[in-house]
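Written below as structure tokens is the structure these notes are about.
The values are calculated or read from the model by the stated rules, or taken from the named source; none is laboratory data. Values in this document were obtained by computation on a predicted structure and should not be read as measured data. Backbone-built Cβ (ideal geometry, glycine too); neighbour counts: all protein chains shown.
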Amino acid sequence: MILFSLQFILTNIIFSIIICTVLIRLDKEKMHSNLELLLYSLGLGPVFTSLLLYYLLLFFPHHSNLFYILGIFIIYLILSFLGRKYFSDLLIDGNKKIKKIKNIFNNLSPSHQTKSIIITSFLILFLVSFLFLYITNTLQTPLDGTDALRYGTLGKIFFTEKSLEYRWIRPYPKTCFYMPYNHAPSFSLLLTWEKTMGSFFNADKDLYYKSLSTYYALLILSILIFWLSKKNKYLALLGVFALLSGFYFFETLITQHLDSYRIFFLIISWIFLAYSIEKKDFLSFLLLGIFSGFAAFAHTIGAVLVVFNCLALFIFLKGNLKYKLKKTTSVTLLVIAFGWLHYILDIFWGYGWIIFKRETTWWG
Amino acid sequence: MELWLENYLSLFFDFKHFGNLNWIAIPLLIYFLVSIKKRKRWEIAIAFVFIFSCLFLSSKKGQSNPRYLLTLYPFVLSTIFLLGWEYIKNRSHRFHLGIFIICTIAILFNFYHFRETYKFYWRYKVIAVDDYFPHDLLKIINNIGDLNSDSTFLVCSQRSLFHYYTNKKGIDYRDPRMRIFKRQKNKETALDVLKNELEIDYIYLHWEYKPNSILLDIISNDCDLVYQDKNGFYLYRIREKEPDKKELERLFVNDSLLYNGSFENWVYGPSKKPDFFEGGDNVFEGMVVREEKEVKVGRYSAKITGDNFNFSQNLSNLEDYKGKPLTCFVWVKTDVADKYRIQIYDGFDSSFSKRHPGEGDWKLLQVNCKINPLATSVIIRVIQAEKTGKVNDVVYVDGALLVEGEWNTFYLYALSKKKGGNN
């Protein structure tokens, strides 16, 4: 449990905050609130770590665990150096937000204050009870479910082989494991990351991998609250219960799957598609490319749907053809770098993805 | 209409999985398209992406895999609330309250209506009151002594537990390499492919999985059950080789440890006990007679009428069997349910077969035992009749065999086949 907490805090919180500070630095025009960037960044730590591991295993296979951990840590160190001045901005913003809430609360009439306390307490109690049950029970049950187990097995293979080679060779000769999907392996690589970190503590756990579905489902809920509470706080509350009243979403909170993980990136990519067309600032274009890339890196559905993002950007962006082409090309290149590359490799040297559908691969 | 609601539009009308507010997206989308000229570019861009996403997911049979449709669910719901708010925000406070109450009722109704599904998952995952996980089976696969690292499993289960939790080789039933097996038209060639080409030794099966009839036939007739999990997982071992029928014949017919097991010899006459067999105190003269019509093996069988008796043979060379496993088979026919069975008694312990179900057919009963090293006698009670008070109950007995070692009925049936199904 201590190792899980360590991995969770490091990957999901610290790495995400580091990325957030870099994004704040890049938001020179101050078009986005720091809180909003932080909310979206909380999903970036795990997937960016997975992407780094992907490139390391692709270009530098068969090295020791230490090599990959150091490689990732060095990149985060560089990023934290780049964003070093903005950690304080984030803290100041957080303090300001707390003070603002305090002021709003103090200005409320006593009856409204009581009502706010009751609603907040109810929500906190609800969340704390769920998290308590989740950590003590749900997280302790063995990993189950077809897809999560298949991605997990692939993650174990990457960890054993220290190479992505077996993403393109099936079945895996040592166990005859046959992975029928052609999705990019970002979700699997998070188990590889957990095992790589765990190897230093002689631990062979999958708690972190199992927690991802819930983590991203909670992030999706937070995004819904963030946007709806801008309109009305009761609307946000209603939205949360409405989302949970769809059983499939409720399920993502308590089972282990990659659905919430892949949906998160797609939703944020659409938010930044809207921002890019409306605000046309550098960070919006950058994050449109990054989140679209990660949506592709998470799942084949994302890989197809982000093509529509690029098309929509080209069609609906205001400006002359040269400007539109320049921006769309930049975003497309970002999409490729942040995940779509896998499918290009797969089309030409792998299974052919959804285009050729080869049984055997050139890699194998 | 049903096809549209349950398939193409299931994202909006599958209330169980996507709530009962999603359908509002359809009138909102129509309203959006009607008022498109007033819309901002980013709004149109998002609508463009959304419509194409819906079309793509439908083309990829998203409706038959609702997890694909889940992709759009949080977005659709958020949009409904955001656009809905834009529509009602300038209305009166009462109007807001009315809409909120209607939405709350709709949401609560959904939770209530599908409460069993929520309850099941809550118990299954959050409270974790029941253990649905086959811990023991996976442990057995990983650790059992005779499963060496070269053993290959045929994996027939939707839950992909095998590769994640075990260190064994396993070919999934849906693996393209299984095509060669699925192409086979009869069981013999399919079994040959399974054993020799795919080199499969074990079959790991969950009851929900539906393999083809040939595989089921193989499981029924050519496999031994190694372990059965309480949640419906089965582990079978494919028999290494078909038993050599000559060897079986030698073992079961020539080397049977019982004398006159097929009841062919009646030197004292057809109404006296057959040679080498005796009854206890309750087997009186005339109770055991030679039977010529109801016969399973050879020309005669033994017909016994009575209640509360043992019909047995005492093995003479006791020292040869001490500490050894023995198997006894007897063909038994009766209409009386749960009265007759086989017993082996060694002076210390008794071992019993199942009881005859009394369906009026010949049934092959079997008992396995290990003789106590301190045994004082070995008595094979080829028929033991329980006391029921009905002295006119009839049982026919034939083909009694006693062999050394642990065997099961499969081998005897294999021998029967060779002999034209008569034995």
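Structure values in brief
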| quantity | calculated |
| --- | --- |
| Check on A:LYS210, surrounded by fewer than 20 Cβ atoms within 10 Å (Cβ to Cβ), more than 8 Å from chain B (Cβ to nearest Cβ) and more than 21 Å from A:PRO61 (Cα to Cα) | no |
| Only listed residue being within 13 Å of chain B (Cβ to nearest Cβ), touching a strand residue (DSSP E or B) at 6+ places or on another chain (Cβ under 7 Å) and in contact (Cβ under 8 Å) with a residue 12 or more places away in the chain, chosen from A:TYR166, A:TYR181, A:TYR172 | A:TYR166 |
| Yes/no for A:PHE201 being more than 28 Å from A:PHE264 (Cα to Cα), in contact (Cβ under 8 Å) with a residue 40 or more places away in the chain and more than 8 Å from chain B (Cβ to nearest Cβ) | yes |
| Yes/no for A:LEU149 being more than 8 Å from chain B (Cβ to nearest Cβ), within 21 Å of the chain's Cα centre (by Cα) and either in a helix (DSSP H, G or I) or of a type outside the set (Val, Ile, Thr) (or both) | no |
| Criterion: part of a helix (DSSP H, G or I), more than 12 Å from every other protein chain (Cβ to nearest Cβ) and out of contact with any Pro (no Cβ under 6 Å at 6 or more places or on another chain) - qualifying residue of B:ILE51, B:ILE30, B:ILE44 | B:ILE30 |
| Selected residue (only one of A:LEU133, A:LEU127 is within 10 Å of chain B (Cβ to nearest Cβ), free of Cβ contacts under 8 Å to residues at least 24 places away in the same chain and at negative phi) | A:LEU133 |
| Subset tally (residues that are more than 10 Å from every other protein chain (Cβ to nearest Cβ) and not polar (S, T, N, Q)) for the stretch A:152-163 | 4 |
| Failed item in (1) at pLDDT 95 or above; (2) away from chain B (no Cβ under 14 Å), with A:ASN320 passing the rest | (1) |
| Residue among B:LEU215, B:LEU138, B:LEU191 that alone is at pLDDT 85 or above and within 14 Å of another protein chain (Cβ to nearest Cβ) | B:LEU138 |
| Among the residues listed as A:LEU221, A:LEU190, the single one being among the aliphatic types (A, V, I, L, M), under 30 Å from B:LEU83 (Cβ atoms) and part of a helix (DSSP H, G or I) | A:LEU221 |
| When residues of the stretch B:272-306 are limited to those that are of a type in the set (D, E, K, R) and in contact with a strand residue (DSSP E or B) (Cβ under 6 Å, 6 or more places away or on another chain), the one surrounded by the fewest Cβ atoms within 10 Å (Cβ to Cβ) | B:GLU294 |
| Strands (runs of 3 or more DSSP E) wholly inside the stretch B:285-403 containing at least 1 residues that are more than 19 Å from B:LEU257 (Cα to Cα) | B:288-291, B:301-305, B:309-314, B:325-334, B:340-345, B:362-370, B:379-385 |
| Enumeration of residues in the stretch B:178-230 that are without any contact (Cβ under 8 Å) to a residue 40 or more places away in the chain and among the aromatic types (Phe, Trp, Tyr) | B:PHE181, B:TRP207 |
| B:ILE203, sole failed condition from (1) under 22 Å from the mean Cα position of the chain (by Cα); (2) surrounded by fewer than 16 Cβ atoms within 10 Å (Cβ to Cβ) | (2) |
| Index of the failed condition, B:ASP335 passing every other in (1) modelled with pLDDT under 85; (2) of a type in the set (Asp, Glu); (3) under 37 Å from the mean Cα position of the chain (by Cα) | (1) |
| Members of the stretch B:74-132 found to be touching a Lys or Arg at 6+ places or on another chain (Cβ under 6 Å) and modelled with pLDDT of 85 or more, listed by number | B:TRP85, B:PHE114 |
| Exclusive hit being closer than 22 Å to A:LEU238 by Cβ, without any contact (Cβ under 8 Å) to a residue 24 or more places away in the chain and hydrophobic (A, V, I, L, M, F, W, C), set B:ILE26, B:ILE36 | B:ILE26 |
| Members of the stretch B:91-125 found to be within 11 Å of another protein chain (Cβ to nearest Cβ) and either assigned to a loop (DSSP other than H, G, I, E, B) or touching a Phe, Trp or Tyr at 6+ places or on another chain (Cβ under 7 Å) (or both), listed by number | B:PHE100, B:ILE107, B:ASN110, B:PHE111, B:PHE114, B:THR117, B:TYR118, B:TYR124 |
| Any chance B:THR79 is surrounded by fewer than 19 Cβ atoms within 10 Å (Cβ to Cβ), under 18 Å from A:LEU237 (Cα atoms), within 11 Å of chain A (Cβ to nearest Cβ) and among the hydroxyl-bearing types (Ser, Thr, Tyr) | no |
| Options A:PHE241, A:PHE177; residue that is out of contact with any Pro (no Cβ under 9 Å at 6 or more places or on another chain) and not hydroxyl-bearing (Ser, Thr, Tyr) | A:PHE241 |
| Residue in the stretch B:63-82 that is touching a residue at least 60 places away in the same chain (Cβ under 8 Å), part of a helix (DSSP H, G or I) and of a type in the set (Ser, Thr, Tyr) present | yes |
| Flag for B:TYR73 being out of contact with any helix residue (DSSP H, G or I) (no Cβ under 8 Å at 6 or more places or on another chain) and within 10 Å of another protein chain (Cβ to nearest Cβ) | no |
| Which listed residue is surrounded by fewer than 22 Cβ atoms within 10 Å (Cβ to Cβ), in contact with a helix residue (DSSP H, G or I) (Cβ under 8 Å, 6 or more places away or on another chain) and either within 19 Å of A:SER222 (Cα to Cα) or facing another protein chain (nearest Cβ under 7 Å) (or both), from A:LEU258, A:LEU244 | A:LEU244 |
| Filter result for A:TYR351 (closer than 22 Å to A:TYR178 by Cβ, surrounded by 19 or more Cβ atoms within 10 Å (Cβ to Cβ) and of a type in the set (Ser, Thr, Tyr)) | yes |
| Unique residue being touching a helix residue (DSSP H, G or I) at 6+ places or on another chain (Cβ under 9 Å) and within 9 Å of another protein chain (Cβ to nearest Cβ) when the list is A:ALA274, A:ALA337 | A:ALA274 |
| Matching residues in the stretch A:326-361 - criterion: being at pLDDT 95 or above and of a type in the set (A, V, I, L, M) | A:VAL331, A:LEU333, A:LEU334, A:VAL335, A:ILE336, A:ALA337 |
| Any helices (runs of 4 or more DSSP H) falling wholly within the stretch A:226-304 and containing at least 2 residues that are touching a Leu at 6+ places or on another chain (Cβ under 8 Å) and closer than 25 Å to A:SER50 by Cβ | A:247-254, A:259-279, A:282-298 |
| Yes/no for A:PHE291 being more than 30 Å from B:LEU97 (Cα to Cα), facing chain B (nearest Cβ under 7 Å) and either buried (at least 18 other Cβ atoms within 10 Å of the Cβ) or basic (Lys, Arg) (or both) | no |
